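Step one of this worksheet: look at the structure below.
The values are calculated or read from the model by the stated rules, or taken from the named source; none is laboratory data. For clarity, every value in this text was computed on a predicted model and none was experimentally measured. Heads up, the Cβs are rebuilt from the backbone with ideal geometry, glycines too, and the neighbour counts pull from every protein chain shown.
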Amino acid sequence: MQMRNLAQELDLFKNYEKNKPRRLIKIADLNPINNLKLVFREIRDYFAGNVTGITRDEKIAQNIMRLLFCKVYDEKNSNNFAEFSNRPNEDYKTFQLRIKRLFEQVKNSYSDIFEYNEEIEINAEDLSFIVSKLEDYSILNADRDVIGDAFEELIGTSFRGGEGQFFTPRNVINMMINVLQPSDGERIIDPACGTGGFLAYTIRYMKSKNCKNYYIAGIDKDAFLAKIAKIYLSLIGDEKYHIYCENSLEVPTKWNGETQDNIKLGEFDVVLTNPPFGAKIPVVGKDLLDQYKLGHKWNFKKDWLLTKNLFDKQPPQILFIERCIQLLKENGRMGIVLPEGIFGNPSDRYIWEYISSVASVIGIVSLSQETFQPSTHTKTSVLFLKKTKDKPKKIFMAIANSVGHNKNGKPIYKITKNGEPILDKNWNKILNDDLPIIASRFISYNQNKLESNDHLGFSISHDQLSDHIFIPEYYNPEIQKELEELKNSGKYILTSIGELVNKGILQLKRGNEIGSQFYGSGDIPFVRTSDIVNWEIKFDPIKAISEEIYEQYKKLQDIKEQDILFVNDGTFLIGRTAMVTHLDIKIIIQSHIRKIRVIDKTFINPYYLFYLLNSKIARKQIDSKTFVQATISTMGNRLKEVILPISKDNFEVNNITKEIESIIKEKSLLREKTIKIVENSI
């Protein structure tokens, strides 16, 4: 009943819009629009529910854009009465022909945006309704931010990332622009401009600084996205932009003549970009790869050395790093969004060797996992560099744990400890977004005024960089501060897992992969990362193996009671632990799991070690040393770097040890009872 009433109300609303009295509308009487985003939503909903043949978001958006340009063109060129309007005593057919003639004029004036054969694909009655939603308002006199915000939502909901393309959130763009601070007289480019987000916000920034003499350029190989960028920048009222449909990574002499005349390597002051990335869209071709040092293989001996041998293929993001640097003039600045793997993968460290040979890293901002969600789960960071061989003494780093929205793209707000929203002076909720603070801290750092030293802004010297690792979480000063406080308290001995291994106190051993063809071949548990839950091994792992396979790995793995199983690789699972009990000895463990065995129990009890591995300070270190490689997270050998604070208080150690032992034994007893119940069941 409620659904039917709602539908009836919507029909009444639509009928009112269609049947309201028509009048001649003067251009001079148009009102600036301040709710264009809402109007777009109403039009989009009308399309989805009423317009036959046009229900896909992309198609809806294309037609809305055509009508928007009709509206803008009409406001610019009509002397008195608006053409983009319903008129009294005019039938639908006459009205439709008039709007179509208007669009023909638009196509002639904006031939670089619209194809000659494009049409407004809407029947007369529906077109009348849509025009009625816009006819009383002025787009030209509207606030540019209102238009930009509305258009951004329109394209954001209509065009999803393909070929590794995902639209950059505005707060990331603004942070990057505020850090690099483009100024009057500068040339700015985005060589992977997509729909033009970086360029649009750069234009807003330049206008807010009253800059008038600047050059804005964008390149994208997708003709449709390049077209959207032109529409976006035109609608926000800027005529200084230059958009080219080219493959930015191609040999520049293969670009068309106009592009070659206007886009030259070594002539830009600022590069801002978020290039497409992913191993599934590799760049191939000898001529294309040969123009890049990063298209060649590098060998590592004592240092990384460039060879003459080409890769068969390279992910685009790697080549974009070099192309962006090539575009910069000397002392030019760059901000580029990259997948986190590049910042820490051992196999990618030749990239940093190349970067250091031609430029200087000035800062890195780690973005939260939610930044590009729900479009993609790829963890990213922003690299800032300057094209100069003068190396700064330090590098700015920051970690954005919150970016204003959750994994579903819904906004999240700052709250009190009691869960109440925190309000600003105008009683509005405040977005929980670290990026504006980080931008402010970065600017202070550039001015030698950075006073903070926490995850929202800190600096490290080049001497502190470990083996070409450029992941801010790895150097989080808050963790180091906690460890120093524990050490200075005099109550703890701080020692790393690696030191304990080297002294023969602990033993670390990796599991094995047996091959999926052996899954389900028997009833002996093959323990995977997901089988380690709540300090124990699942009672009935899904993947079980035969006695024959077990015998092959039994001696190699050598599982014993009181061994600790530690998840070393696996997204969202790293750091999970389980203590091997008498119920778990006959198992095989996966290669993503490390077996930790206490060899010298006079130095540390296995149950106390288990406690330390699950302590908050250990967990923080584990998280900071977990890197994303492609689609999986891993700790690698960095588990050995985790520092354990061993209490000097024997009474405290004994109490904790007994408590952990009691918990493990209780869990084991409950499992044993469960097994007996199942075995004795019907």
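Values computed for the structure shown
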{"item": "Total residues in segment 639-653, condition assigned to a helix (DSSP H, G or I) and either at pLDDT below 95 or within 19 Å of GLY490 (Cα to Cα) (or both)", "result": "4"}
{"item": "The listed residue being surrounded by 21 or more Cβ atoms within 10 Å (Cβ to Cβ), among the acidic types (Asp, Glu) and over 28 Å from VAL628 (Cβ atoms), out of ASP584, ASP531, ASP600", "result": "ASP584"}
{"item": "Candidate set: segment 534-581, residues that are assigned to a loop (DSSP other than H, G, I, E, B) and among the β-branched types (Val, Ile, Thr); chosen: the one nearest to THR626 (Cα to Cα)", "result": "ILE574"}
{"item": "Residues within segment 467-504 that are out of contact with any strand residue (DSSP E or B) (no Cβ under 7 Å at 6 or more places or on another chain), surrounded by 14 or more Cβ atoms within 10 Å (Cβ to Cβ) and either at pLDDT 95 or above or of a type in the set (S, T, N, Q) (or both), tallied", "result": "6"}
{"item": "Hey, GLU340 acidic (Asp, Glu) and more than 24 Å from ALA439 (Cβ to Cβ) or not", "result": "no"}
{"item": "1 or more residues assigned by TED's automatic domain parsing to the domain that holds LEU385, closer than 26 Å to TYR474 by Cβ and modelled with pLDDT of 95 or more: qualifying helices (runs of 4 or more DSSP H) within segment 301-362", "result": "316-327, 349-358"}
{"item": "Count - residues of segment 91-142 that are part of a loop (DSSP other than H, G, I, E, B) and not small (Gly, Ala, Ser)", "result": "19"}
{"item": "Scope segment 66-120; condition out of contact with any Phe, Trp or Tyr (no Cβ under 7 Å at 6 or more places or on another chain), polar (S, T, N, Q) and over 26 Å from PHE224 (Cα atoms); matching residues", "result": "ASN77, SER78, ASN79, ASN80, SER85, ASN89, THR94, GLN96"}
{"item": "Residue within segment 188-199 that is β-branched (Val, Ile, Thr), farther than 24 Å from PHE442 by Cα, surrounded by fewer than 24 Cβ atoms within 10 Å (Cβ to Cβ) and free of Cβ contacts under 8 Å to residues at least 60 places away in the same chain present", "result": "no"}
{"item": "Out of ILE54, ILE27, ILE33, ILE43, sole residue that is in contact with a strand residue (DSSP E or B) (Cβ under 6 Å, 6 or more places away or on another chain), surrounded by 11 or more Cβ atoms within 10 Å (Cβ to Cβ) and modelled with pLDDT of 55 or more", "result": "ILE33"}
{"item": "Test result for GLU90, within 13 Å of VAL131 (Cβ to Cβ), of a type in the set (Asp, Glu) and free of Cβ contacts under 8 Å to residues at least 60 places away in the same chain", "result": "no"}
{"item": "Residue in segment 618-632 that is of a type in the set (Phe, Trp, Tyr), in a helix (DSSP H, G or I) and either surrounded by 13 or more Cβ atoms within 10 Å (Cβ to Cβ) or at pLDDT below 95 (or both) present", "result": "no"}
{"item": "Selection within segment 290-332 - in contact with a strand residue (DSSP E or B) (Cβ under 8 Å, 6 or more places away or on another chain), more than 21 Å from LEU180 (Cα to Cα) and among the polar types (S, T, N, Q)", "result": "ASN299, THR307, ASN309, GLN314"}
{"item": "Among residues of segment 648-662, those that are over 40 Å from the mean Cα position of the chain (by Cα) and surrounded by 15 or more Cβ atoms within 10 Å (Cβ to Cβ), counted", "result": "4"}
{"item": "Test set (1) under 29 Å from the mean Cα position of the chain (by Cα); (2) in a loop (DSSP other than H, G, I, E, B); (3) hydroxyl-bearing (Ser, Thr, Tyr) - TYR474 fails condition number", "result": "(2)"}
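For every residue, the table says whether it meets (1) modelled with pLDDT under 90; (2) under 18 Å from PRO32 (Cα atoms).
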residue	(1), (2)
ARG87	no, no
ARG101	no, no
GLU104	no, no
ASN108	no, no
GLU135	no, yes
LEU140	yes, yes
ILE147	yes, yes
ALA150	yes, yes
